[in-house]
1. What number results when the radius of gyration of the chain, computed over Cα atoms, is divided by 2.2 N^0.38 Å?
2. First compute the accessible area of the chain with a 1.4 Å probe, then give the percent of it belonging to carbon and sulfur atoms.
3. Give a quick list of chymotrypsin sites (Phe, Trp or Tyr not before Pro) in the stretch 35-114 that DSSP marks as loop, anything other than H, G, I, E or B, with at most 10 other Cβ atoms within 10 Å.
4. Can you give the longest stretch of the chain with no exposed loop site, where a site means trypsin sites (Lys or Arg not before Pro) in a DSSP loop (not H, G, I, E or B) with at most 14 other C-beta atoms within 10 Å?
5. Which whole-number value in Å² is the accessible area per residue of the stretch 1-117, probe 1.4 Å?
6. For the chain, what is the relative contact order in percent, using Cα pairs closer than 8 Å and at least 6 residues apart in sequence?
7. Identify all lysines with a Cα-Cα distance to LYS48 below 27 Å; exclude those on the same chain that are fewer than 8 residues away in sequence.
Amino acid sequence: MPGVAQAFAAPLIDQNGYFARYEILVDYEAFNYINSNRFYLAANVQGKTIHFPVQNGNIPGATFIKVAWKILSSAEINHGRYHTARAFLFTPAASGLEQTCAGPVTVGLVGLHIVHKTNAFPEWLWATF
């Protein structure tokens, strides 16, 4: 499970004192666009406007899936309220935090965004759960 920082914000800490974890998944259209433009290098992103592929007819547009997870307590695991996964959680050394790797632990899905770019909605369509 990657990432503990929210977009443009500090980490979210749940009521049990654990970080919420975030991951971003991309489809082939978005991946190929990032890869072919070498946007994985900071120098290739700085000062540039990025235009991800747009769905137009049968041509697929870029799709991102953004997911938020929390570490579940035993009571939450047994409740059956969450979609769960087993994960190893890596926390990088940053902002005064000690680098750690824990797991496997059971995590529960607490947030889901599906984001897609179309010709009719170039500012992206969002579905949030």
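1. Rg over 2.2 N^0.38 Å, computed on Cα atoms: 1.24.
2. 58 percent
3. The qualifying sites are TYR40.
4. Between the exposed loop sites, the longest stretch runs 82-129.
5. 66 Å²
6. 23 percent.
7. Within reach: LYS66, LYS117.
The values are calculated or read from the model by the stated rules, or taken from the named source; none is laboratory data. On a predicted model such as this, the values are computed, not experimentally measured, just so you know. FYI the Cβ positions are ideal-geometry reconstructions off the backbone, even for glycines, and counts take in every protein chain you see. Only protein heavy atoms, including side chains, enter the accessible area calculation; ligands, DNA and RNA are left aside. Shrake-Rupley method; radii C 1.70, N 1.55, O 1.52, S 1.80 Å.
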